[in-house]
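J.: What follows is a structure written as structure tokens; I'll ask about it next.
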Amino acid sequence: MTNVEKLKNSNECQGCDLSEMDFNNATLKDANLRGADLSRSFLFGANLSGANLSGVDLRCADLNSADLRKADLREADLSEADLSEADLSEANLQGAILVDTDLRWADLYKTNLSETNLTKSNLSGADLTESNLTNANLTDADLSRADLTGTNLTNTNLTNAITTDTIGT
């Protein structure tokens, strides 16, 4: 049975190699993909709400407009991924790597981004209302027009971050 068949049959594929696959608009709600390789995969508009994506390799993946509400993305590598306009509200990204990630206009309401590396990421227009950015690294990140109302920025590194027209600071 291939990894894709395993995923289709059981909605689970821990540690599977699913790199460079096309999952555009797929429904993977509550799927268990812990530790899987989804690097360079196409997940445009996919429903991954409630999915276990902890430790997943999503480098260079297309997650534009994806539904990741309440997903577990702890320790995931999302470097250079496209998460523009994605819904990550109430997701857990603690310790995730989001270097040079596109999060323009993403919904990050009440998202746990503590201890994440967001160096050089584009968060312009993102909704970070009531999110947790404790100990996060936002060096050289673009936060222009982002909403930071009620956001926890304790020990957050904002060196050279762009904060033009940021709301709630």
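Every number here is computed from the coordinates shown, using simple stated rules; none is lab data. Just so we're clear, the structure is a prediction, and the values are computed from it rather than from any experiment. Don't worry about glycine lacking a Cβ; one is built from the backbone with ideal geometry, like all the others, and counts go over all protein chains shown.
J.: Can you give the extra length, in nm with one decimal, that the chain gains between residue 14 and residue 167 once fully stretched, where that is 0.36 nm per residue apart less the Cα-Cα distance?
T.: Values: separation 153, 0.36 × 153 = 55.08 nm, distance 3.93 nm.
Difference between extended and current length: 51.2 nm.
J.: Computed FRET efficiency, Cβ-Cβ of residue 30 and residue 100, R0 41 Å: what is it to the nearest 0.05? Before the final figure, lay out the partial values.
T.: Details: r = 29 Å, r/R0 = 0.72.
That gives a FRET efficiency of 0.90.
J.: Summing -39500 (n - 2.57) over the DSSP H runs of n ≥ 4 in the chain and dividing by its residue number, what mean residue ellipticity at 222 nm do you reach, to the nearest 500 deg cm²/dmol? Walk me through the numbers before you get to the answer.
T.: Numbers: 1 runs with 8 residues, N = 169.
After summing the helix terms and dividing by the residues of the chain, the value is -1500 deg cm²/dmol.
J.: In addition: For the chain, set up a Gaussian network in which alpha carbons nearer than 10 Å are linked by springs, and say which option among 136, 36, 26 fluctuates the most.
T.: 26
J.: Looking only at Cβ-Cβ distances, which cysteines of the chain have no other cysteine closer than 4.7 Å?
T.: Lacking a cysteine Cβ partner under 4.7 Å: 60.
J.: Is any residue of region 83-120 close enough, with backbone N under 11 Å, to a label point placed 7 angstrom from the Cα of residue 139 along the Cα-Cβ axis, and if so, which?
T.: Counting only backbone N, you get 118-120.
J.: Using only the alpha carbons of region 29-100, determine the length spanned along each of the three principal axes and report them from longest to shortest in whole angstroms.
T.: On the principal axes, region 29-100 reaches 24, 22, 18 Å in Cα extent.
J.: Quick check: net charge around residue 132, other residues with Cβ under 10 Å of its Cβ, Lys/Arg +1 and Asp/Glu -1? Intermediate values should be presented prior to the final figure.
T.: Values: positive: 110; negative: 115, 130.
Residues close to residue 132 contribute a combined charge of -1.
J.: Just subtract the alpha-carbon distance of residue 159 and residue 2 from 0.36 nm times their residue separation and send over the number in nm, one decimal.
T.: Working: separation 157, 0.36 × 157 = 56.52 nm, distance 4.55 nm.
Length gained between residue 159 and residue 2: 52.0 nm.
J.: Going toward the positive end of the dipole of region 1-105, with +1 on Lys and Arg Cβ and -1 on Asp and Glu Cβ, which of 60, 101, 27 do you reach last?
T.: 27
J.: How high is the relative contact order of region 10-169, given as a whole-number percent (alpha carbon pairs under 8 Å, six or more residues apart)? Working shown, then result.
T.: Working: 609 pairs, mean separation 20.0, N = 160.
Once divided by the residue count of region 10-169, the mean separation gives 12 percent.
J.: What ranking, highest mean first, results for peptides 95-108, 44-57 when packing means the other Cβ atoms within 10 Å averaged over each residue?
T.: Values: 95-108: 23.8, 44-57: 22.1.
The most tightly packed comes first, giving 95-108, 44-57.
J.: Once you order the gyration tensor axes a ≥ b ≥ c over the Cα atoms, which shape class does the chain get: rounded for a/c under 1.5, otherwise prolate or oblate by comparing a/b with b/c? Mind showing how you got there, number by number?
T.: Details: a/c = 2.06, a/b = 2.04, b/c = 1.01.
The shape class here is prolate.
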